[in-house]
Structures are given as C-alpha cells and as structure tokens.
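The values are calculated or read from the model by the stated rules, or taken from the named source; none is laboratory data. The shown structure was predicted, so the numbers you read here are calculated from the model rather than taken from an experiment. For neighbour counting, all protein chains shown are included, and Cβ atoms are generated from backbone atoms with ideal geometry for every residue, glycine included.
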Amino acid sequence: MSTQTKPTVAAKVKNQFSFKKIMTGSDLSRRRLPLMCATSDNPGPVVWLTACSHGDEVSGIVVIQEVFRHIRRRLLRGCVQAFPLMNPLGFESGMRHITLSGEDLNRSFPGSATGSLGERIAHKIFETIIKTEPDLVVDFHNDWIESIPYVLIDHDPGKQYNKAYRKAIHAAQRAGLCMIVDEEEVHKSLSFNLLLRDVPALTFELGKPNIVSESYVTYGLEAVWNILAELDMIAPRSEPFRYPLPAGYAHDTLLRYSDKPYGAKTGIIRFLAKPGDVVKTGQPLAKIVNAFGRSQETMTAIEDGIVLGHSDSSVAFPGVPIMAFGVAEKRDVFAKESAKESAKESAMESKPRNEK
C-alpha cells in the first residue's frame, strides 16, 4: 500500500465504455468484447475485474456493473478496468463453452494470436490486461446452484512467483469471504497465468449459474469494495462486509478445497448436510438410495471442514463428486508468514531510499 497521503475526496473520474474486436462474421457483423474503465485524476493502483468466461456464469457481469455504478463519483485514486462479458458467444446461448468451437475460454489462457478461436479471444483479453501492469485482477465465476460464496486462490505457482501470490492472498483476506486454496493447478486459467506473469489474481465463486442472484451480487460488490478500500482507492464502509461464517472459521484463514469423498454406488442422492454447515470426520453427508428408496450407501466426511456446496444433480455415480468442502490445513501458517513478509516490504518501502 502506498505511504503517500491518502486522498479523502474523489477527484474527477473519467468513465469510458468501449469494445475490443474479436471476430467478423460472414455477414460482416462484428463480435466484440465490452470494455469498461473508470480512471481518477489522482494516480494510484490499477485493478481489473473480469467475468463470464463461462457463458452460463452471469452474476459477475452484474457485480461489475454495480461496482462501476458505485465508484463513478467515489473513486479517490487509481483506475478500475473490466471485461464484464468475456464469452459473449457462450452467454447468448446460455452455454459454458464458446459455442462456435466448443472450447472452455478459462482453459485457453494466455492464448495465442494465431491459435484457435478460444486462444485468440484469450490472447486479446490477456494482453490487454497485462499491458496496464495491474496491481490486482479479480475474476468472477459461479459455482453449484446450492453453494456459499468464497474466494478461490490458485494452487501455489512456485517460489519465483511468491510476491504476486502473497499479494493475492493479502487481497483475499480483505474480501470478507471464506478463503479457499485450489488443490490442483489449473494451468490454462486466467488467474493462474496472471500469477505466472507476477500479477496478483483471485477468483470469486458467487453461487448459482444461469441467473443473476441479487444477494450474491451484493456479496460480490461488497467484497470488491473491501479490497478497493484496502488499496485506498475508495473510502471504506463504516462496517466492512463480512459474510457470516460458522464459529471457528475466520475470514483470514486459508482452507483447502476438497471434493472428496466419492461414492461407490449409483442412485438418488439424499443430502444430509447443506452449504455452510460444519462437518466432522465420520459425520454422514448423504444417503444414496435406489428407485425403491432402499439405502445403497451412506457417504461420510473423511475430514473436518465446511460445506461449500453440493451437486446440481440428484443422481449419484461411482467416482463422481457430489459435494465440495473447505478443509483447514497448515496453509493458514503460510498466510501468517505472507502477512509478515508484506509488513516487512511495506516497512522497507516507507524508509528513505538510502536506508534500504
């Protein structure tokens, strides 16, 4: 965070809406990506917001719209930019993937100017963001229909990217949501590739897909507000937003993502735990019954954790996940170490140059 005097009154804010061309149709119509930008007269951090890389994940679009509506006269310094609709082709048909090519846009980064359609769109987005040298990128997604909102942090990309990773964790700790660390590396996602370019990046998972959930839009808006306030880009709320978590689960504690246990039977799922519940090892999670209602299997928790969400389907198959959990691990120790390192860096930055 800057050690300069914090602005308390919003300077003039310039708001721009434009487009990035992605392709021209056979009828010469243009397909474009909407681009939003709010810039304060006072210099400061650059923050990017992105949404709808999966065409059926729509809440993030409205979160971005609401962020821009709320900061248009309140931005104290810096710049907020956004791609609110990264996959217009999938969005218009209600499909997760790019309909023309069947590609998953969030598995196409950093992209290529001469690659597949998905890679070309990813390249356009990625290079536009990178050129601005952002301080943070927040990518919005949706999870299962029945799920709680949370911040998803990528799997640790390695020691050489530790500074960007620590900054991402620091931002996540300020969001006011449950913090989850992915257990696998998603090599071609937007957020992971940004970390590989030393750009702090986070993913917000905001509940059900396909429709706009107004309550989750509010959660997303307030979480972004917390982060912008931490960067002194806007004035903080009198009471910062905190999503209500169960006792024993703090907003600044990192939890590991897990989708286990997997079932061994096919049948109808009867859930015994709901999103937001705390479960203990050995606790029944769901019953699998056959067409006559006879029990085939009772699935039990293999670790203590908090239920993040459960499957959109009522059908269980062997080896297919039906629930997701946030599991406490030693990663919170890393979070504390990251906080110490960030404090150390801030102290170094506040010293005159000849004292470093």
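Is it fair to say GLU185 is modelled with pLDDT under 95 and either under 20 Å from ASP312 (Cβ atoms) or surrounded by fewer than 16 Cβ atoms within 10 Å (Cβ to Cβ) (or both)?
Details: modelled with pLDDT under 95: yes; either under 20 Å from ASP312 (Cβ atoms) or surrounded by fewer than 16 Cβ atoms within 10 Å (Cβ to Cβ) (or both): yes.
For GLU185, the condition - modelled with pLDDT under 95 and either under 20 Å from ASP312 (Cβ atoms) or surrounded by fewer than 16 Cβ atoms within 10 Å (Cβ to Cβ) (or both) - is met.
Residues in segment 149-167 that are more than 11 Å from the chain's Cα centre (by Cα) and within 22 Å of VAL327 (Cβ to Cβ) were compared, and the one that is surrounded by the most Cβ atoms within 10 Å (Cβ to Cβ) is TYR165. Only a single item in (1) in contact with a Pro (Cβ under 9 Å, 6 or more places away or on another chain); (2) among the hydrophobic types (A, V, I, L, M, F, W, C); (3) not in a strand (DSSP E or B); (4) not assigned by TED's automatic domain parsing to the domain that holds LEU177 is not met by TRP225, and it is number (4). Of the residues making up segment 117-127, not a single one is of a type outside the set (A, V, I, L, M) and either assigned to a loop (DSSP other than H, G, I, E, B) or under 15 Å from the mean Cα position of the chain (by Cα) (or both). When you look at LEU49, is it modelled with pLDDT of 95 or more and either among the polar types (S, T, N, Q) or crowded, with 17+ Cβ neighbours inside 10 Å (or both), yes or no? So LEU49 fits the description; yes.
Can you name the condition, by its number, that GLY263 falls short on among (1) of a type outside the set (Ser, Thr, Tyr); (2) outside any strand (DSSP E or B); (3) farther than 12 Å from ILE322 by Cα? Failed condition: (3). Screening segment 266-289 for residues that are in contact with a strand residue (DSSP E or B) (Cβ under 7 Å, 6 or more places away or on another chain) and without any contact (Cβ under 8 Å) to a residue 24 or more places away in the chain and picking the one that is farthest from MET323 (Cα to Cα) gives VAL289. Taking segment 174-208 as the range and being outside any loop (DSSP other than H, G, I, E, B) and closer than 21 Å to PRO275 by Cα as the test, the residues that pass are ALA175, CYS178, MET179, ILE180, VAL181, THR203, PHE204, GLU205. Among the residues of segment 271-294, just one is surrounded by 18 or more Cβ atoms within 10 Å (Cβ to Cβ), touching a Gly at 6+ places or on another chain (Cβ under 8 Å) and not in a strand (DSSP E or B), namely PRO275. Taking the listed residues ILE234, ILE211, ILE227, the one that is in contact (Cβ under 8 Å) with a residue 60 or more places away in the chain and farther than 17 Å from LEU136 by Cβ is ILE211, with no other qualifying. Note on segment 246-260: residues that are surrounded by 16 or more Cβ atoms within 10 Å (Cβ to Cβ) and modelled with pLDDT of 95 or more amount to 4.
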